[in-house]
Amino acid sequence: MAEVSGVDTREENVLIQAGGCSVTIYPRLGGKIASIRVKDHELMQAPLAAYAPRTQTMTFDEGDASGWDECMPSVAGCTVETASGPALIPDHGDLWRVAWQTIAASGNSATLRAECFSVPLTLERTVTLTETEEGNAWRLQVDYKVTNTGSHPTPWSWAVHPMYAVEPGDRIVLPNSITSLILEGSGGGRLGQQANHVNWPVATLVRGGETDLSAVQWPESGVGDKLFAGPLATSENWCALERYEAGVRIKVSFNPAATPYLGLWICSGGWPDRPGKKQLCVGMEPTTAPVDSLARTGLWSRVLAAGESFSWPMTVEFESI
């Protein structure tokens, strides 16, 4: 459980369970899914710093940089022109830094809602956890709905931002038809420049040699790569993370008709840049766009009309291996 700036938040935290799996949500901390436990194994990146209140302007690396957040209306901080004037969107968007409202919560399901402050958008998220009859696999069904509560059309993008804990030797699995990714950025420029095409799973390094992007490296490697796949075909609607020591396979499934792209954040000690603890995690991130910034427009760009809503699903399965 969390304490935020000396205030005990245990009473308002949301816990859902199904057999040997539990999910803990912190509404006040951006609706963060802080913990997913399968039996005795924690699957989320642990906090790099103490939980604390967030401001509307702080950067993501000033926070705990852990667990599962939602990035809307942009991942990268940017300024976007809208029908009602310029919108200043902060790093990793609005929603990880605002308190969410718990609409409903039961033993295995919870619905929360949050409002953006840079643009007039509301996001509602329902998570439902179930267990197979055999008791060796669990399914987290996640349903989203964004609504434009303003009086003008509003541009938007969304990316789920779950940081799954990993260990060296764990492996990322993508459909066989995915053989290259688009680079958003890499620590030290090891994979080249933004928008470069990078081979998957074995990529060529700028300074010579090759690296297997699908294999989690040791934290001393200082790896921090962000890449995108897509637009994806119907058969390419999944990705997986095989955690061998933990004995769990995490499979993310999504609808490419609604969220056509997949972001991958692969970090083995390469972020954050500030002194202190570093991430050892993999982010499997279905998203509406193949770029982090809402200000970078293209065929993927989206606008919601005043009063309009858009809904989409995502599923995360945890299977014992």
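The values are calculated or read from the model by the stated rules, or taken from the named source; none is laboratory data. Everything quoted here is computed from the prediction, not taken from an experiment. Ideal geometry is used to build each Cβ from the backbone, glycine not excepted, and the neighbour counts take in all protein chains shown.
Structure data summary
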{"item": "Residue match in the stretch 182-192 (condition: at pLDDT below 95 and either part of a loop (DSSP other than H, G, I, E, B) or in contact with a helix residue (DSSP H, G or I) (Cβ under 6 Å, 6 or more places away or on another chain) (or both))", "result": "no"}
{"item": "Identity of the residue in the stretch 210-237, part of a loop (DSSP other than H, G, I, E, B) and in contact (Cβ under 8 Å) with a residue 60 or more places away in the chain, that ends up surrounded by the fewest Cβ atoms within 10 Å (Cβ to Cβ)", "result": "Pro231"}
{"item": "Residue match in the stretch 157-164 (condition: farther than 30 Å from Glu308 by Cα and free of Cβ contacts under 8 Å to residues at least 12 places away in the same chain)", "result": "no"}
{"item": "Failed item in (1) out of contact with any Lys or Arg (no Cβ under 9 Å at 6 or more places or on another chain); (2) modelled with pLDDT of 95 or more; (3) not acidic (Asp, Glu), with Lys39 passing the rest", "result": "(2)"}
{"item": "Flag if Gly169 is modelled with pLDDT of 95 or more, closer than 16 Å to Cys267 by Cβ, of a type in the set (Gly, Ala, Ser) and in a loop (DSSP other than H, G, I, E, B)", "result": "yes"}
{"item": "Residues being in a strand (DSSP E or B) and either buried (at least 16 other Cβ atoms within 10 Å of the Cβ) or touching a helix residue (DSSP H, G or I) at 6+ places or on another chain (Cβ under 7 Å) (or both) - total across the stretch 42-80", "result": "7"}
{"item": "Qualifying residue in the stretch 271-283 (condition: free of Cβ contacts under 8 Å to residues at least 12 places away in the same chain, in contact with a strand residue (DSSP E or B) (Cβ under 8 Å, 6 or more places away or on another chain) and surrounded by fewer than 21 Cβ atoms within 10 Å (Cβ to Cβ))", "result": "no"}
{"item": "Odd one out for Glu285, checked against (1) over 19 Å from Leu181 (Cα atoms); (2) touching a His at 6+ places or on another chain (Cβ under 8 Å)", "result": "(1)"}
{"item": "Residue identified as within 16 Å of the chain's Cα centre (by Cα) and without any contact (Cβ under 8 Å) to a residue 60 or more places away in the chain among Gly67, Gly85, Gly31, Gly93", "result": "Gly93"}
{"item": "Which listed residue is touching a residue at least 12 places away in the same chain (Cβ under 8 Å) and buried (at least 18 other Cβ atoms within 10 Å of the Cβ), from Leu174, Leu205", "result": "Leu174"}
